[in-house]
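Step one of this worksheet: look at the structure below.
Quick note: the coordinates plus some simple rules give every number you see, no bench work behind them. Computed from a predicted model, the values in this text were never measured in an experiment. Every residue, glycine among them, receives a Cβ derived from its backbone with ideal geometry; neighbour counts consider all protein chains shown.
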């Protein structure tokens with residue numbers, strides 16, 4: 001398979017070429033690193049969010065929008081589909097790189113992680129990328145500077161001038177779209193954490209509603225997680241049977257039916273202290289090739305309506 005970072009850089013180049021149409025801005029730092037602003041100081045939007053999700057998945061997923069309903073109210077939904085879930089979601093899209101550098105705080109996702117390959121997922125997949133340039137999507141309420149770019153360059157082993165850091169705020173339309181595009185990643189990650197071989201996951205298609213954009217990142221974090229835990233659906237095709245498929249859905253969590261604003265409050269807004277089973281799609285169907293079909297979980301439209309402030 002071609003380098004994940006190579007495919008992602010091609011998509012970043014596309015974003016740069018169509019920056020005006022995507023309502024994003026592009027900044028080149030003094031050390032040569034490039035920071036496309038997908039939704040921090042720039043407006044961004046649905047199309048920017050879709051392209052960002054493609055970048056995060058290393059070009060291995062198809063991402064598109066549709067219209068669904070929550071309590072009878074039309075809402076934009078994002079659908080993501082891939083025949084390479086281990087690579088697209090675990091090796092690329094997963095937000096596994098915490099950035100805390102000289103006062104900057106952010107969360108990194110995308111194929112730059114595959115050049116470091118220290119997370120457990122890479123041992124399960126047996127993959128490590130090799131490339132002369134890299135892409136790390138950064139979720140933060142501020143744009144990263146030279147110190148962040150130099151940190152990423154050092155960790156990934158590429159020149160600083162070959163670092164691309166597409167950045168977005170959680171409280172942006174781009175952020176709401178990019179988060180909705182994580183429904184397939186959550187299903188894949190959860191099943192892998194339960195002990196299923198990620199290379200035995202053949203195909204994943206998932207969708208989730210796009211949360212309304214609030215004024216604060218805290219509310220945005222709660223809403224986007226509600227969109228996934230209470231509104232996401234995933235369909236997975238896998239090679240082998242497994243006795244824990246029902247635990248892939250968020251309904252398996254002890255805090256299910258509690259809005260994320262209350263859950264985060266209970267954990268003092270420490271994202272890393274939350275139980276891992278919270279991060280899962282609301283409903284999952286699993287097809288076993290040559291075997292049976294299992295369905296777990298269900299949508300909770302009432303919690304979504306409350307979280308989104310719907311009438």
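Just to verify a number: FRET efficiency for residue 28 and residue 100, C-beta to C-beta distance, R0 = 25 Å, to 0.05?
Working: r = 24 Å, r/R0 = 0.96.
Taking R0 as 25 Å, the efficiency between residue 28 and residue 100 is 0.55.
Once label points are set 7 Å from the Cα along Cα→Cβ at both residue 83 and residue 128, what is their separation, rounded to one decimal in nm?
2.9
So what's the back-of-envelope 222 nm ellipticity for the chain, counting only DSSP H runs of four-plus at -39500 (n - 2.57) apiece and dividing by all residues, rounded to 500?
Estimated from H runs of four or more residues: -9000 deg cm²/dmol.
Suppose R0 equals 41 Å; then what is the FRET efficiency for residue 246 and residue 18 from their Cβ-Cβ distance, rounded to the nearest 0.05?
Approximately 0.40, to the nearest 0.05.
Select from 103, 126, 195 the residue whose mean-square fluctuation is largest in a Gaussian network model of the chain (Cα-Cα springs shorter than 10 Å).
103
In which sequence would 196, 127 go, from the one with the fewest C-beta neighbours within 10 Å to the one with the most?
127, 196
How would you order 18-30, 229-241 from highest to lowest mean count of nearby Cβ atoms within 10 Å?
Highest-to-lowest ranking by the protection proxy: 229-241, 18-30.
Which order results if 285, 174, 156 are arranged by neighbouring Cβ count within 10 Å, fewest first? List each step's numbers first, then the result.
Values: 285 19, 174 32, 156 24.
The most exposed by this proxy come first: 285, 156, 174.
What is the stretch 202-263 by shape, rounded, prolate or oblate, if you read a ≥ b ≥ c off the alpha carbon gyration tensor as root eigenvalues and call it rounded for a/c under 1.5, prolate for a/b larger than b/c, and oblate otherwise?
oblate
Provide the gained length on full extension for the span residue 268 to residue 306, in nm with one decimal, where the gain is 0.36 nm per separating residue minus the Cα-Cα distance.
11.5 nm
Percent of alpha carbon pairs in the stretch 92-148 separated by more than 18 Å?
Result: 35 percent of Cα pairs exceed 18 Å.
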